[in-house]
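The values are calculated or read from the model by the stated rules, or taken from the named source; none is laboratory data. Worth saying up front: this structure is predicted, and the values here are computed from it rather than measured. Note that each Cβ is placed from the backbone with ideal geometry, even for glycine, and that neighbours are counted across all protein chains shown. These area figures cover heavy atoms from the full protein model, side chains too; ligands, DNA and RNA do not enter into them. Shrake-Rupley method; radii C 1.70, N 1.55, O 1.52, S 1.80 Å.
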Amino acid sequence: MFSEVAWGTPLLLLLLGGGLFFTVYSRFLPFKYLKHAIDVLRGKYDKDDDPGDINHYQALASAVAATVGMGNISGVAVAITTGGPGALVWMWLSAVLGISTKFFTCSLAIMYRGKDSAGHLEGGPMYVVREGLGPKWKALAVLFCVAGLFGCLPVFQANQLTQVIRDLLLIPNGWMLQNSWFEANLGPTAYSDFLTGTVIMLIVATVTFGGLHRIANVAGKLVPFMVLTYILIVLYILITNISEIPASFALIFSDAFTGKAVLGGLVGEVIRQGARRAAFSNEAGIGTAPMMHGAAKTKEPIREGLVAMLGPAIDTLLVCTMTALAIIVTGVWDQKHKLNIEVLDTQGNPVITGKIYTPTDEEENNADAYPIIYTSTTLLDNIDYEQALGVFHLDSLNSTVQLQLPVAASEVSLGTIRLVVNTPFKSYKKHQCIATASMGAFQLEGDHTLKGALSTPGGFYQSFVESKVKNGVTLTATAFQAEMSTTGILLLGICAAVFAFSTLFSFSYYGAKCSSFLFGSESVKIHRYFYVLTILWGAVVSIDSVINLIDGMYALMAIPTMVSALLLSPKVLQEARKYFEKYG
């Protein structure tokens, strides 16, 4: 896949190694002036006649609005499901190094501002390359803008927001709409997703067509509200599970250096997923935030760099950590042991019982030690049926059940077959039957096989288990539901909507700036229409294709941003010394 290649070792070395270089080269300078950064953010040094379009607070709020988005709700879940709990450690490390990276890249965005084709003052990595490195480096600026046109599309946010609305609102209330053409060509939920995407598109258009000032004003009001609300909700979950917090931290740190929770112990994959999700979350080194901070009203580049460095602390060290802890302490990150099967005799006594999930190699090869009923989308041919308790197969599309018994079916007086929930997290600690069928509804096929249908649609299995592996936001929703039931789902839905819309608003500005640099300022209007129309595409495509596109383009954006920042870092340090001699 495109994104897998792009996010290889060279890019990780560029982002993490570059951040480490900035930190050591500056002798931890950004960290020493946290109080000064907060003073700047509070408006202590604001001057209305300074060049730029928005004040320091609006610049940070707009940049944070773009980063504190669905990446904090679903991106963290994706990191944990693909990289294990240990990925959080590498997200933290990336964020700490990202503080220095943001300081350098956003200081440069003010130092090397340039004018667009209409003569308006602009900032961002493309102008840093053009004004700071010179014409011979123009290819880097073009690369950034081309990647930015696609990397800053709204498809990921639209996709995840559509999923939230579908899973938390439409499906539970039976409001899904069907259309034969959409179903045949795009999937069973595509029509409702398309209609949801249309509504999202219209809302985004009303804000983004108003330009930077409207985006900044909306972001300035949304960001404090959404961050505080989300933190309070997660704090409730953590307090409820306070006894689990020490063990969760132990798991996070042990998994970070062993990788036992993912892919057979590949520590490199844990690091890669952590750094990758951190970049998508706080975007340090990617180059989007410098475009927003480059519009700040100031004559002091270092001042804006100090404000910008607060972004990774708010975004990753605070909000992402809260999400990750909610997922880990509730136990929903572990995809195993979600469902059990029980085969009962006519008196209701269990004949066969066991866990349902695709087994590990160790379990599969040691059936005596792990007496499990396995499940898969196809029957597992290499299991010794006589050693295992049995093999259970559920076709999630038509609810058929095929049960391979370890003894001849004729030897047991069977009564019913039940699927029961038995998960490690709070809401389902008690067994809850979700599907039952009389054995009379099953037909004997040969000596060891029963086939029949459950009374509950097999789609429940698909939504309960399979989607949690693939779709990040569903996993986070499960954590909220585990502690707060329907209220948790509702609150998460509200937070997800605000998070997603805030990002959708800011990303339109980033894409417009890339378009303006490549094609002239007159292309911005055309880009706005292109931008909002791609929301419809994001609403109906799969999350895999969305992540592949965005992650890949984000990787390409990082190359010009980091290369130019590394080459011009002595200029930043020189400017910083002068600034702190005056104000420090």
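Just one of the numbered conditions (1) part of a helix (DSSP H, G or I); (2) surrounded by fewer than 21 Cβ atoms within 10 Å (Cβ to Cβ); (3) of a type outside the set (G, A, S) is not true of W175: (1).
Please tell me if G305 is open to solvent by less than 10 Å² (accessible area, probe 1.4 Å) and modelled with pLDDT of 90 or more. Yes, satisfied. Within segment 178-203, work out how many residues are more than 23 Å from R528 (Cβ to Cβ) and assigned to a helix (DSSP H, G or I). Number satisfying all stated conditions: 9.
With respect to (1) out of contact with any helix residue (DSSP H, G or I) (no Cβ under 9 Å at 6 or more places or on another chain); (2) closer than 21 Å to S506 by Cα, the lone exception for T162 is condition (1).
Looking for something modelled with pLDDT under 90, under 25 Å from V204 (Cα atoms) and of a type outside the set (S, T, Y) - is there at least one such residue anywhere in segment 80-98? No; the residues of segment 80-98 include none that is modelled with pLDDT under 90, under 25 Å from V204 (Cα atoms) and of a type outside the set (S, T, Y).
With respect to being surrounded by 24 or more Cβ atoms within 10 Å (Cβ to Cβ) and closer than 30 Å to L573 by Cα, I200 falls outside the description. Taking helices (runs of 4 or more DSSP H) as the structural unit, those lying wholly within segment 39-131 and holding at least 2 residues that are closer than 24 Å to Y579 by Cα correspond to 56-67, 87-111, 125-128. Just one residue in the set L170, L153 is in contact with a helix residue (DSSP H, G or I) (Cβ under 7 Å, 6 or more places away or on another chain), surrounded by fewer than 20 Cβ atoms within 10 Å (Cβ to Cβ) and closer than 21 Å to A496 by Cβ; that residue is L170.
Does at least one position in segment 208-223 carry a residue that is free of Cβ contacts under 8 Å to residues at least 12 places away in the same chain and within 30 Å of S3 (Cβ to Cβ)? No, segment 208-223 contains no residue that is free of Cβ contacts under 8 Å to residues at least 12 places away in the same chain and within 30 Å of S3 (Cβ to Cβ). Kindly check whether there is at least one residue in segment 204-225 that is open to solvent by 30 Å² or more (accessible area, probe 1.4 Å), within 19 Å of I535 (Cα to Cα), assigned to a helix (DSSP H, G or I) and not charged (D, E, K, R). Yes, segment 204-225 contains a residue that is open to solvent by 30 Å² or more (accessible area, probe 1.4 Å), within 19 Å of I535 (Cα to Cα), assigned to a helix (DSSP H, G or I) and not charged (D, E, K, R). Candidates are the residues of segment 14-51 that are under 22 Å from K297 (Cβ atoms) and of a type in the set (S, T, Y); the one that is surrounded by the fewest Cβ atoms within 10 Å (Cβ to Cβ) is Y45. Hey, does segment 93-109 have a residue that's in contact with an Asp or Glu (Cβ under 9 Å, 6 or more places away or on another chain) and surrounded by fewer than 24 Cβ atoms within 10 Å (Cβ to Cβ)? No - not one qualifying residue is present in segment 93-109. Annotation: A63 fulfils all but one of (1) touching a Leu at 6+ places or on another chain (Cβ under 6 Å); (2) under 26 Å from C495 (Cβ atoms); the unmet one is (1). Would you say F144 is over 20 Å from L490 (Cα atoms), open to solvent by less than 30 Å² (accessible area, probe 1.4 Å) and in a helix (DSSP H, G or I)? Judged against the criteria, F144 is a match.
Select, from P10, P85, the only residue that is closer than 30 Å to F257 by Cβ and in contact with a Leu (Cβ under 6 Å, 6 or more places away or on another chain). The unique qualifying residue is P85.
Residue-by-condition table, conditions (1) at pLDDT 85 or above; (2) under 18 Å from the mean Cα position of the chain (by Cα); (3) aromatic (F, W, Y):
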residue: F507; (1), (2), (3): yes, yes, yes
residue: F517; (1), (2), (3): yes, no, yes
residue: G520; (1), (2), (3): yes, no, no
residue: V524; (1), (2), (3): yes, no, no
residue: V532; (1), (2), (3): yes, no, no
residue: V540; (1), (2), (3): yes, yes, no
residue: V546; (1), (2), (3): no, yes, no
residue: I550; (1), (2), (3): no, yes, no
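Restricting attention to segment 91-121 and to residues that are farther than 25 Å from F519 by Cβ and among the aromatic types (F, W, Y), the residue that is nearest to the chain's Cα centre (by Cα) turns out to be W92. Out of everything in segment 564-584 that is surrounded by fewer than 19 Cβ atoms within 10 Å (Cβ to Cβ) and hydrophobic (A, V, I, L, M, F, W, C), what residue ends up being modelled with the lowest pLDDT? Among them, the one singled out is F580.
Looking only at residues in segment 321-343 that are at pLDDT 85 or above and within 17 Å of the chain's Cα centre (by Cα), which one is nearest to I99 (Cα to Cα)? In this case the residue turns out to be T321.
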